[in-house]
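The values are calculated or read from the model by the stated rules, or taken from the named source; none is laboratory data. The model shown is predicted, which means the values in this text are computed figures rather than measured ones. We place every Cβ from the backbone using ideal geometry, glycine too, and count neighbours over all the protein chains shown. Note: areas computed on protein heavy atoms with side chains; ligands, DNA, RNA excluded. Shrake-Rupley method; radii C 1.70, N 1.55, O 1.52, S 1.80 Å.
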Amino acid sequence: MIEVTFTLNGSPTTVQVDDTERLLDTLRDRLALPGTKEGCGEGECGSCTVYVDGLPANACLIPTFQVKGRGVETVESLDPARLAPLHESGATQCGACTPGVALTALWILDQPELLKTHSLRELMAGNLCRCTGYNGIIEGIRKGLTEQAAREGRD
Amino acid sequence: MAIHQPSTLSEACALLATHNRGSDRDLAPSPLVPIAGGTDLYTHWPQRPDEHAKSYLDLSGIEELRAVRWRNDSLTLGALVTYWRLIQDRTCWSALPMLVQAARQVGAVQIQTRGTWAGNIANASPAADGVPVMMAYDAVVELVSSEGREEIPLADFYQGYKQMRMRPDQLIRSIRIPRRSFLFQRFEKVGSRNAQAITKVGVAIARSGAGWRVVANSVAPTVCRCPTIEALLDDKVTVRGPDDLATALSQDIAPIDDIRSTARYRRRVLARLLYFALRESCSAFE
Ligand SMILES: Cc1cc2nc3c(=O)[nH]c(=O)nc-3n(C[C@H](O)[C@H](O)[C@H](O)COP(=O)(O)OP(=O)(O)OC[C@H]3O[C@@H](n4cnc5c(N)ncnc54)[C@H](O)[C@@H]3O)c2cc1C
Ligand code: FES
Ligand code: FES
């Protein structure tokens, strides 16, 4: 066993874990945060997406010992109100991909300047979805961006 | 299994000297496996119990390895520099654009934020996408151990499938890439689709005052330079179509059939990638 101290969803957290444990399992099984899902277990599907020091990463590929001293945020930390445009655009059906999609989508909303160099589809390429055909996801993010720009324009 | 988490490079080297040095291997505890981003080491982790039994040297806490250093004549990447870090670096877009092109085609954002350039080199996959662009730019790998440092041109680093000129007690400390003015540079990757696809065949092409560099991946046991093709370009031999490149290519590459593609497909596609990329810039290509 190994002791790991890190910041989880804004709170300092210390947890005893197996040396071989993945962040995905620590979050789900030890820290009662089952929002992070396991799909492929090989870094392809993005259903296990979390933020590590503010950047999207796959929790299935991260040994828990590596988040020592870092900041981790999971889907549980998101403000549900910000997800409305995704709900309204048919961005979710079965929901398996949704936590990961929501994290990557809100990361883009937090830094729309990424779209100067990247398309939404390129930025979302690490979040596979078997149900929606992606258009709903892309539309939801566009809607979020438009609403956000309008709000900022008013302020 | 044991996890070692040094915060300095000298601590890391000392650990490797104790655990990974040849002569007293039998007496030494189990050798340490360095881990950087974990994107190669941790795939399908629960199904690989043999890997769980090993001991690991976590490099991620060694802050000195995160540096990106631009100088007038070179770029130096510390061993923990990720793909995403360079994608965010606007100097890289103009000075060494193939690094950005290749980085954007590695997996997807979630892999790009964790995967490192040094990990791509040390994983030694023939399909690696970072290696061909670095090799076409004449990158030099800097290795360290408790005994000192050593520099090896990336083009000489691989000796066979997964065989490297790096001892178990050595680490990659940095990668140095010369800055030159390029007359032509292009990275082409062919996979099953545009994202999250391992390369079936790929090629990085660069032309500078140092001459032509043509480096192919997924067509030999290692990522490899194509010296016959480079000579043909330097000599301005007339090329009338992809087939004219096939003979030269067959001396440079040794593709195989595997789960991702066939040798025949790889030969034909590489010849076409080269021909259509070079036709734009070489008068000898008709
Ligand atoms: C879903 C997915 C998609 C991918 N897509 C691509 C792709 O499109 N193209 C591509 O090229 N790769 C791809 N990869 C592979 C991988 O992301 C890259 O090879 C990455 O660069 C590895 O870096 P890392 O830091 O994660 O390596 P790690 O997994 O930490 O280590 C890889 C190897 O390098 C060794 N190592 C790491 N750092 C050092 C060092 N400083 N000194 C000595 N040895 C070291 C380790 O011991 C290990 O053997 C993909 C992986 C996944 C999971
Ligand atoms: S479960 Fe982690 S990427 Fe699929
Ligand atoms: S909603 Fe079912 S996988 Fe995306």
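Calculated [222 nm] ellipticity per residue, helices only, for the protein assembly as shown: -8000 deg cm²/dmol; basis is -39500 (n - 2.57) per DSSP H run with n ≥ 4, divided by all residues, nearest 500. Stokes-Einstein diffusion for chain B, with the hydrodynamic radius set to the Kirkwood value over Cα pairs and evaluated at 10 °C in a medium of 1.306 mPa s, equals 80 µm²/s.
Coupling constants for segment B:54-63 follow from the phi torsions by the Karplus curve (6.51 cos²θ - 1.76 cosθ + 1.60, θ = phi - 60°), and in residue order they are 7, 9, 10, 10, 7, 7, 5, x, 8, 4 Hz; glycine and proline get x.
Charging the Cβ of each Asp and Glu at -1 and of each Lys and Arg at +1, and nothing else, the dipole of chain B about its Cα centre rounds to 840 debye.
Evaluated with a Cβ-only charge set (Lys, Arg +1; Asp, Glu -1), segment A:2-77 carries a dipole of roughly 180 debye about its Cα centre, given to the nearest 20. Our note on the geometry: Cα centres of segment B:23-92 and segment B:109-150, 9 Å apart. Along its first, second and third principal axes, ordered by size, segment A:80-152 spans 33, 25, 17 Å in Cα coordinates.
When the listed pairs A:K68/B:K54; A:K68/A:K143; B:K54/B:K162 are checked against a 29 Å cut-off, the alpha-carbon distance exceeds it for A:K68/A:K143. Largest GNM mean-square fluctuation among B:H19, B:H52, B:H44, using chain B with Cα springs under 10 Å: B:H44. For segment B:24-123, the orientation-averaged shadow of the C-alpha convex hull comes to 8.3 nm² (one quarter of the hull surface).
Rg and Dmax of the protein assembly as shown, both derived from C-alpha coordinates alone, stand at 22.8, 71 Å. Counts of other chain beta carbons within 10 angstrom of each beta carbon in peptide B:99-112 average 5.
For chain A, the share of alpha carbon pairs falling in successive 10 Å distance bins from zero is 11, 40, 32, 14, 2, 0 percent.
With the biggest extent put first, the Cα atoms of segment A:2-77 measure 28, 24, 19 Å across the principal axes.
When B:I259, B:I177 are compared by accessible surface with a 1.4 Å probe, the order from highest to lowest is B:I259, B:I177.
The residues of segment A:2-77 expose on average 35 square angstrom of accessible surface per residue, using a 1.4 Å probe on protein heavy atoms. The chymotrypsin sites (Phe, Trp or Tyr not before Pro) of segment B:138-203 meeting both criteria, a DSSP state outside H, G, I, E and B (loop) and at most 13 other C-beta atoms within 10 angstrom of the site's C-beta, are B:Y161.
Think of each Lys and Arg Cβ as +1 and each Asp and Glu Cβ as -1; about the Cα centre, that makes the dipole of segment B:113-175 roughly 220 debye. Association of chains B and A removes close to 2800 square angstrom of accessible area from solvent, both sides included, for a probe radius of 1.4 Å.
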